[in-house]
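Q: Dropping the structure in here first, questions after.
The values are calculated or read from the model by the stated rules, or taken from the named source; none is laboratory data. Predicted model, so just to flag it, every value in this text is computed and none were measured. No Cβ is skipped: glycine too gets one built from the backbone with ideal geometry, and neighbour counts run over all protein chains shown.
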Amino acid sequence: MAMALRKIGKDGISIWRRGFSSTSGLESSSSRDATPVNLFTAINQALHIALDSDPRSYVFGEDVSFGGVFRCTTGLAERFGRQRVFNTPLCEQGIAGFAIGLAALGNRAIAEIQFADYIFPAFDQLVNEAAKFRYRSGNEFNCGGLTIRSPYGAVGHGGHYHSQSPEAFFCHVPGLKVVIPRSPYQAKGLLLASIRDPNPVVFFEPKWLYRLAVEEVPDADYMLPLSQAEVIREGKDITLVGWGAQLSILEQACEDAEKEGISCELIDLRTLIPWDKETVEASVSKTGRLLVSHEAPVTGGFGAEISASIIERCFLRLEAPVARVCGLDTPFPLVYEPFYMPTKNKILDAIKLTVNY
Amino acid sequence: MAAFSAVKIPPPQFTTVRSSSQRPGSSPAHFAHSPSAFNSISFGSAKSVRSRPLFAVSSDVVSSDKTKPASSSSSNPAVTREVALELYEDMVLGRAFEDMCAQMYYRGKMFGFVHLYNGQEAVSTGFIKLLNQSDKVVSTYRDHVHALSKGVPSREVMAELFGKATGCCRGQGGSMHMFSAAHNVLGGFAFIGEGIPVATGAAFSAKYHHEVLKQSKPEGLDVTLAFFGDGTCNNGQFFECLNMAQLWKLPIIFVVENNLWAIGMSHLRATSDPEIWKKGPAFGMPGVHVDGMDVLKVREVAQEAIARARRGEGPTLVECETYRFRGHSLADPDELRKPDEKAHYAARDPIIALKKYIIEHGLASESELKSIDKKIDDVVEDAVEFADSSPLPPRTQLLENVFADPKGFGIGPDGKYRCEDPLFTQGTAQV
């Protein structure tokens, strides 16, 4: 799959293209028809298919019926009717709880939280109800049909409340799954898999990539497996792990490191909880070094869990401490966003430090 | 879908406070004269029957055939010349500032999510110009004009929008987070509904100072105003605070700027009972509906609500029917609102209405108003120049103010305090 990333910022960053090849883990589609689409279109296609294939699935959230603020839900209300695709009032807690109730009665509730920053009022419902529903009812009821979709991550000018990455909070909750795609092809497959998975899933979409990421996506219905990481790039000196929009930054760092003779293996975790420890362990056993990178602040971010688990499993094999190149421990800043973010250069420096440890 | 019509509904018996034209002699007199007016309104209001879709209560201010604002039914103006000019200047400042924001945004000087207040100036001016310096204002992301009305200098607000170190929050808040300790502006909240509990706490503090610490002022309690929109009125935090405020009789006024739209969600389609003022009596406080496009009416309602709060009689819920002339934010294409709805409200532009009022009552001449316009243009230009020439915040500011003690970041691997380590903020990031 060739993925073209076109960066067209408001300040006119120059346009560049690069391709990277995916290797393992691809589920092939049953049809050969594929079109180049961007992330929000891929998600839109997934939602159309999901609603088409199950008459008891619903999409709701703030402003979804006209298409959503990111256009992910365009056309759904027109095609499936306003009883299945509808706007909710501004109450995230209500939206989440309501979705749990729908799911508990066997429906597929696909709720949208407009920005991941706004998910915190819903956090109580998700942690205390959604995650524990099957467990505390002894499997009498479950809310597996629940999928919460939310745009997350930095967008260049979002500031404190339009840029957060709250995935770590949800990874700490047994009973929930957290899935984050890196590209349009992945997004469609992972979203369909998440919707059909019999567990509640929180699906974070990297908002920076909504328009910027363009990829060939099959028109047909296809799913990608959850809890399976994907090795995007093979290497032998160091393993890099990331997810979502951060992967494109890691990819750039890999290319730069290649020029300095460091061969990097890049892994997309795809599902953060439950995460694919075996793939990462196999990779680190091969390379002996690990670097994790994410936008969320470093302390208590999901990188910490990966680091701790890998050290448990690969202690004797590790040649250097696990490096984490993440956001700083401050609230997501407005003007300082370039300093806060784990940029390519920070990652490159960490790669070199780790390799030369 | 928003079946919004300009049909005039005859003023119903309950919310008499809507029209300031109803002077002594007509039934709503009890509003103007009795201190317990709001109490009588609050409990009597639930009984009337209104047809649901015609939620919009028309005002007598600017209707299609009249050109005079309602208050001119009597020959005496409702306000003095000084007050009228003050209100005019404040509204023009709000409008000119927001227009300049739009220009600067499209020129790339301002970034992020910017939400403009055009059209709603009467609410901000009508309420905030009655406040003292020690009264508090809590707003939403549409907060530039609230900050300006409260007295934050235009320079500081513009610099904040540009992200400069001379901004009111030293460039760290941006458009949606205007704070000022000097002027008691408690923010700017990007997240809807989050400011209301904060305002409730501030009101509690004012009451505590007055009653327990006995730091009373001759004019009474310090009042807190919480501004928020129609979408917020469906949020749990709003209801929780209505309950707490009435329970403890806090000096707070909940001002709903009902502009009928929450981004793309029409209020009429999101709310089971679109008449927000009714939610006040459900909690035991007066609920008032006022025409938010008429600054004099807003001011009249505000006067009574603020006086009530200062006397310690507790909170009031005021619903202002208003409209935003621009989209939700500068990134909003604003495709969903119908042109005739926009035209209806554009005809009720509060600044034009006040201007007509001033001229018709002889409070000032056209040229005096024009000189105010010119003065405000100069103020806004100066603000832009100031913001342009101000420095960006230094990198070291990135780590400040996360905790009270900047050393709260602990000690790094080299044994020094992390916040003092230049590499901690630099990394090797090339910007």
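Q: Of the conditions (1) among the small types (Gly, Ala, Ser); (2) modelled with pLDDT under 95; (3) in contact with a Leu (Cβ under 7 Å, 6 or more places away or on another chain), A:Gly242 satisfies every one except a single condition; which number is it?
A: (2)
Q: Being within 22 Å of the chain's Cα centre (by Cα) and part of a strand (DSSP E or B) is the filter; apply it to segment A:230-245 and report the residue that is surrounded by the most Cβ atoms within 10 Å (Cβ to Cβ). Reasoning before the result, please.
A: Let us first name the residues in segment A:230-245 that are within 22 Å of the chain's Cα centre (by Cα), namely A:230-234, A:239-245.
Narrowing further to those that are part of a strand (DSSP E or B): A:230-233, A:239-242.
On the way: A:Glu230: 20, A:Val231: 19, A:Ile232: 24, A:Arg233: 21, A:Thr239: 28, A:Leu240: 32, A:Val241: 30, A:Gly242: 28.
So the residue we want is A:Leu240.
Q: Right, next: State whether one or more residues within segment B:177-189 are part of a loop (DSSP other than H, G, I, E, B), over 25 Å from B:Phe239 (Cβ atoms) and within 14 Å of chain A (Cβ to nearest Cβ).
A: If we filter segment B:177-189 for residues that are part of a loop (DSSP other than H, G, I, E, B), which is where we start, we get B:177-178, B:181-184, B:187-189.
Going one step further and asking which of them are over 25 Å from B:Phe239 (Cβ atoms), we end up with B:178, B:181-184.
Filter again for within 14 Å of chain A (Cβ to nearest Cβ), leaving B:178.
So far as segment B:177-189 goes, yes, one or more of its residues are part of a loop (DSSP other than H, G, I, E, B), over 25 Å from B:Phe239 (Cβ atoms) and within 14 Å of chain A (Cβ to nearest Cβ).
Q: Another question, then. Which residue out of B:Leu161, B:Leu85 is within 14 Å of another protein chain (Cβ to nearest Cβ), of a type outside the set (Lys, Arg) and either part of a loop (DSSP other than H, G, I, E, B) or in contact (Cβ under 8 Å) with a residue 24 or more places away in the chain (or both)?
A: Values: B:Leu85 fails: within 14 Å of another protein chain (Cβ to nearest Cβ).
The match here is B:Leu161.
Q: Out of the residues in segment A:263-303 that are β-branched (Val, Ile, Thr) and at pLDDT 95 or above, state the one that is nearest to the chain's Cα centre (by Cα). Can you show your working first?
A: The initial filter retains those residues of segment A:263-303 that are β-branched (Val, Ile, Thr), namely A:267, A:271, A:273, A:279-280, A:284, A:287, A:292, A:298-299.
Filter once more, keeping what is at pLDDT 95 or above: A:267, A:271, A:279-280, A:284, A:287, A:292.
Numbers: A:Ile267: 13, A:Thr271: 7, A:Thr279: 18, A:Val280: 17, A:Val284: 22, A:Thr287: 25, A:Val292: 15 Å.
Residue satisfying both the conditions and the ranking: A:Thr271.
Q: Next up: Among (1) more than 21 Å from the chain's Cα centre (by Cα); (2) touching a residue at least 12 places away in the same chain (Cβ under 8 Å); (3) crowded, with 19+ Cβ neighbours inside 10 Å, where does A:Arg317 come up short?
A: Here A:Arg317 meets the rest and fails (3).
Q: May I pose another question? May I ask you to list pairs of residues, at least six apart or on different chains, whose Cβ atoms are under 7 Å apart, with the first in segment B:281-295 being at positive phi and the second being part of a helix (DSSP H, G or I) and polar (S, T, N, Q)?
A: B:Gly284/B:Gln246
To keep it simple, each residue is scored yes or no on (1) surrounded by 23 or more Cβ atoms within 10 Å (Cβ to Cβ); (2) among the acidic types (Asp, Glu); (3) over 19 Å from A:Arg196 (Cβ atoms).
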{"site": "A:Gly101", "(1), (2), (3)": "no, no, yes"}
{"site": "A:Ala104", "(1), (2), (3)": "no, no, no"}
{"site": "A:Ala116", "(1), (2), (3)": "yes, no, yes"}
{"site": "A:Phe120", "(1), (2), (3)": "no, no, yes"}
{"site": "A:Phe141", "(1), (2), (3)": "no, no, no"}
{"site": "A:Ser163", "(1), (2), (3)": "yes, no, yes"}
{"site": "A:Val178", "(1), (2), (3)": "yes, no, no"}
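Q: I'm trying to understand the selection: among the residues of segment A:262-283, which are under 16 Å from A:Glu234 (Cα atoms), assigned to a loop (DSSP other than H, G, I, E, B) and of a type outside the set (A, V, I, L, M, F, W, C)?
A: Scanning segment A:262-283 gives a single hit, A:Ser263.
Q: Another question about this same structure. Can you find a residue that is over 16 Å from the mean Cα position of the chain (by Cα) and not polar (S, T, N, Q) anywhere in segment B:148-155?
A: yes
Q: Among the residues that make up segment B:308-322, is at least one of them of a type in the set (Lys, Arg), in contact with a Phe, Trp or Tyr (Cβ under 7 Å, 6 or more places away or on another chain) and under 30 Å from B:Ala245 (Cα atoms)? Even if it seems obvious, please write down each step before you answer.
A: The initial filter retains those residues of segment B:308-322 that are of a type in the set (Lys, Arg), namely B:308, B:310-311.
Still in the list and also in contact with a Phe, Trp or Tyr (Cβ under 7 Å, 6 or more places away or on another chain): B:308.
Those still in the list that are under 30 Å from B:Ala245 (Cα atoms) too: B:308.
Looking through segment B:308-322, at least one residue is of a type in the set (Lys, Arg), in contact with a Phe, Trp or Tyr (Cβ under 7 Å, 6 or more places away or on another chain) and under 30 Å from B:Ala245 (Cα atoms).
Q: Oh, and also: Going by what's in this entry, would B:Gly151 be described as on the phi > 0 side of the Ramachandran plot, among the small types (Gly, Ala, Ser) and away from every other protein chain (no Cβ under 14 Å)? I'd like the intermediate steps shown before the answer.
A: Numbers: on the phi > 0 side of the Ramachandran plot: yes; among the small types (Gly, Ala, Ser): yes; away from every other protein chain (no Cβ under 14 Å): yes.
Answer is yes for this residue.
Q: So which residues in segment B:136-177 are touching a Ser or Thr at 6+ places or on another chain (Cβ under 7 Å), of a type in the set (A, V, I, L, M) and more than 20 Å from B:Val92 (Cα to Cα)?
A: Correct list: B:Val138, B:Ala165.
Condition check ((1) surrounded by 24 or more Cβ atoms within 10 Å (Cβ to Cβ); (2) in contact (Cβ under 8 Å) with a residue 24 or more places away in the chain) across all residues:
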| position | (1), (2) |
| --- | --- |
| B:Gly94 | yes, yes |
| B:Phe97 | yes, yes |
| B:Met104 | no, yes |
| B:Arg107 | no, no |
| B:Asn118 | no, yes |
| B:Gly126 | yes, yes |
| B:Arg155 | no, yes |
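Q: Right, here's the next one. Take segment A:80-93 and flag every residue that is of a type outside the set (S, T, N, Q), facing chain B (nearest Cβ under 9 Å) and either closer than 18 Å to A:Leu47 by Cβ or part of a loop (DSSP other than H, G, I, E, B) (or both). Break it down stepwise before answering.
A: Taking segment A:80-93 and keeping what is of a type outside the set (S, T, N, Q), we get A:80-82, A:84-86, A:89-92.
Imposing the further condition that a residue be facing chain B (nearest Cβ under 9 Å) reduces the set to A:89-92.
Passing the criteria: A:Pro89, A:Leu90, A:Cys91.
Q: Considering A:Ser263, A:Ser248, A:Ser227, which residue is in contact with a Gly (Cβ under 6 Å, 6 or more places away or on another chain) and surrounded by fewer than 24 Cβ atoms within 10 Å (Cβ to Cβ)?
A: Values: A:Ser248 fails: in contact with a Gly (Cβ under 6 Å, 6 or more places away or on another chain); A:Ser227 fails: in contact with a Gly (Cβ under 6 Å, 6 or more places away or on another chain).
It is A:Ser263.
Q: For segment B:269-322, give me each residue that is over 16 Å from B:Ala78 (Cβ atoms) and of a type in the set (Val, Ile, Thr). Explain how you work it out, then say what you get.
A: At the first step, the residues of segment B:269-322 found to be over 16 Å from B:Ala78 (Cβ atoms) are B:269-289, B:292, B:305-322.
Residues satisfying the conditions are B:Thr271, B:Ile276, B:Val288, B:Ile306, B:Thr316, B:Val318, B:Thr322.
Q: With the condition kept exactly as written, say whether any residue in segment B:192-214 is hydroxyl-bearing (Ser, Thr, Tyr) and in contact with a Leu (Cβ under 8 Å, 6 or more places away or on another chain).
A: First, the residues of segment B:192-214 that are hydroxyl-bearing (Ser, Thr, Tyr): B:200, B:205, B:208.
Imposing the further condition that a residue be in contact with a Leu (Cβ under 8 Å, 6 or more places away or on another chain) reduces the set to B:200.
Among the residues of segment B:192-214, at least one is hydroxyl-bearing (Ser, Thr, Tyr) and in contact with a Leu (Cβ under 8 Å, 6 or more places away or on another chain), which makes the answer yes.
Q: List the number of the failed condition for A:Cys326; all other conditions in (1) free of Cβ contacts under 8 Å to residues at least 40 places away in the same chain; (2) within 20 Å of the chain's Cα centre (by Cα); (3) closer than 22 Å to A:Leu190 by Cβ hold.
A: (3)
Q: Is it the case that some residue within segment A:94-103 is away from every other protein chain (no Cβ under 14 Å), in contact (Cβ under 8 Å) with a residue 60 or more places away in the chain and part of a loop (DSSP other than H, G, I, E, B)?
A: no
Q: For segment A:309-347, which residues satisfy the criterion of being facing chain B (nearest Cβ under 8 Å) and either under 20 Å from A:Leu266 (Cβ atoms) or among the basic types (Lys, Arg) (or both)?
A: Taking segment A:309-347 and keeping what is facing chain B (nearest Cβ under 8 Å), we get A:328-331, A:333-336, A:338-341, A:343, A:345-346.
Hits for segment A:309-347 are A:Met341, A:Thr343, A:Asn345, A:Lys346.
Q: Please work out which one of (1) without any contact (Cβ under 8 Å) to a residue 60 or more places away in the chain; (2) under 23 Å from B:Met176 (Cβ atoms) is the condition B:Asp273 fails and give its number.
A: Of everything listed in (1) without any contact (Cβ under 8 Å) to a residue 60 or more places away in the chain; (2) under 23 Å from B:Met176 (Cβ atoms), B:Asp273 misses just condition (2).
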